[in-house]
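Below: one structure, written as structure tokens.
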Amino acid sequence: MNLKVLCFGITRDIIGQFEYKVSMPANATVADLKKHLAAQFPAFGQLKSLRIALNEAYAEDPMLLNENDEIVLIPPVSGG
């Protein structure tokens, strides 16, 4: 299935674009997407506190992805 992933902050810097398109097998999970991104972009695998939002809600690793899902990479944020 074809997915569109929106990248913000450091994830945009690592991936090099705001909107990343990726093809994943049917029944792929959030964990599968993370593994794919870490394999394609080694610096991505170094992000320890990264969250992924799936259809405007935080997603856990075992959640299944669907072709029309809105997938957003939410990097660590700091400030005051």
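For GLU67, state whether it is modelled with pLDDT of 95 or more and of a type in the set (Asp, Glu). Walk me through how you get there before you give the answer.
On the way: modelled with pLDDT of 95 or more: no; of a type in the set (Asp, Glu): yes.
Judged against the criteria, GLU67 is not a match.
Which count do you get for residues in region 48-62 that are part of a strand (DSSP E or B) and at pLDDT 95 or above? Can you show your working first?
The first filter runs over region 48-62 and keeps only residues part of a strand (DSSP E or B), leaving 51-54, 58.
Add one more test, that the residue is at pLDDT 95 or above, and what stays is 52-54, 58.
Looking only at that region, the number is 4.
When residues of region 43-76 are filtered for being polar (S, T, N, Q) and more than 16 Å from ASN27 (Cα to Cα), how many remain? Step through it out loud before you land on a result.
Applying the first criterion (polar (S, T, N, Q)) to region 43-76 yields 46, 49, 55, 66, 68.
Within this subset, residues satisfying the condition of being more than 16 Å from ASN27 (Cα to Cα) are 46, 49, 55.
Summing the residues that are polar (S, T, N, Q) and more than 16 Å from ASN27 (Cα to Cα) in region 43-76 gives 3.
Among the residues of region 1-47, count how many are assigned to a loop (DSSP other than H, G, I, E, B), touching a residue at least 24 places away in the same chain (Cβ under 8 Å) and either basic (Lys, Arg) or within 20 Å of VAL77 (Cβ to Cβ) (or both).
The first filter runs over region 1-47 and keeps only residues assigned to a loop (DSSP other than H, G, I, E, B), leaving 1, 8, 16-18, 24-28, 41, 47.
Narrowing the set further to residues that are touching a residue at least 24 places away in the same chain (Cβ under 8 Å) leaves 1, 8, 24-28, 41, 47.
With either basic (Lys, Arg) or within 20 Å of VAL77 (Cβ to Cβ) (or both) added as a condition, the list becomes 8, 41, 47.
Result for region 1-47: 3.
The values are calculated or read from the model by the stated rules, or taken from the named source; none is laboratory data. This structure is a prediction, so every number in the text was calculated from the model and none was measured. As a convention, Cβ positions derive from the backbone with ideal geometry for all residues, glycine included, and neighbour counts pool all protein chains shown.
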